[in-house]
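The values are calculated or read from the model by the stated rules, or taken from the named source; none is laboratory data. All figures in this text were calculated on a predicted structure; none of them were measured in a lab. So basically every Cβ, Gly included, is an ideal-geometry build from the backbone, and we count neighbours across all protein chains shown. For accessibility, only protein heavy atoms count, side chains too; no ligands or nucleic acids. Shrake-Rupley method; radii C 1.70, N 1.55, O 1.52, S 1.80 Å.
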Amino acid sequence: MITRKTYKFLKSIAIICFMAMLFSCKDSYKRVGVEATKLVYPQGVANDLVFTYTETKDPVKNKEEVTSKVLAVLTAPVREDFNNLTFPKEVFPKGLQVEFFDDKNQKSIITADYGISYSSTKLISLRGNVVIHTHDGKQFKTPQMFYDQVNKWIFTQEKFEFINPEDESVMYGEGFDSDKDLKQVNAHKTTGLKTIKDEEI
């Protein structure tokens, strides 16, 4: 017959053994797919961002006043900073708008639902309802587009729509590259519509 004292002692030993077994167990579950992906968090998050890119003709020295020219203005609801990674980048998960200014201070606008700016390659990836409005009324639409900041060149392999009021044409295609002002256009697999005036016939 087990006494109350012996029962308490055996119960304590059982609890200790169970705890030792619990903490000595290793997780042998092999994670694959999404579970295997390590979560990466941004080193910083900015809300309601307005960032102005400027340039000056001469280097700025000390605290002297210089005249600068606005090249572009970036606005975004959220910017996530991942510049601490091996392949640094900035992510705009809720979309962005970029206003570009040419030498005559004429403004063109690019908007998208999602964007990534890669710091080391100076390449911007835009996705979702990407639209360019140029200062002279041209309009370009595509679901995905890349912008090379160094060469100031845009390109996509996706379907696109390009409206050009200069020749009253609407072009559709798949694959497109051009300067950011849509003046040097290379389009692929194209179809479209063009207005022809009576005197041109």
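Val50 is checked against (1) surrounded by fewer than 18 Cβ atoms within 10 Å (Cβ to Cβ); (2) at positive phi and fails just one. What number does that condition carry?
(2)
Need pairs with beta-carbon distance below 9 Å; first residue in contact (Cβ under 8 Å) with a residue 12 or more places away in the chain and exposed (fewer than 15 other Cβ atoms within 10 Å of the Cβ) and within the stretch 146-160, second of a type outside the set (D, E, K, R) and not in a strand (DSSP E or B); sequence gap 6+ or separate chains.
Listed by first residue and then by second, the contacts come to Val150/Thr121; Trp153/Gln184; Gln157/His188.
This table checks each residue for (1) at pLDDT 90 or above; (2) assigned to a loop (DSSP other than H, G, I, E, B); (3) open to solvent by less than 80 Å² (accessible area, probe 1.4 Å); (4) under 26 Å from Ala76 (Cβ atoms).
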{"site": "Lys104", "(1), (2), (3), (4)": "no, yes, no, no"}
{"site": "Thr111", "(1), (2), (3), (4)": "yes, no, yes, yes"}
{"site": "Ile116", "(1), (2), (3), (4)": "yes, no, yes, yes"}
{"site": "Ser120", "(1), (2), (3), (4)": "no, yes, yes, yes"}
{"site": "Asn129", "(1), (2), (3), (4)": "yes, no, no, yes"}
{"site": "Gln144", "(1), (2), (3), (4)": "yes, no, yes, yes"}
{"site": "Asp167", "(1), (2), (3), (4)": "no, yes, yes, no"}
{"site": "Gly173", "(1), (2), (3), (4)": "yes, no, yes, no"}
{"site": "Glu199", "(1), (2), (3), (4)": "no, no, no, no"}
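So, in the stretch 53-81, exactly how many residues are of a type in the set (Ser, Thr, Tyr) and either open to solvent by 100 Å² or more (accessible area, probe 1.4 Å) or modelled with pLDDT of 90 or more (or both)?
2
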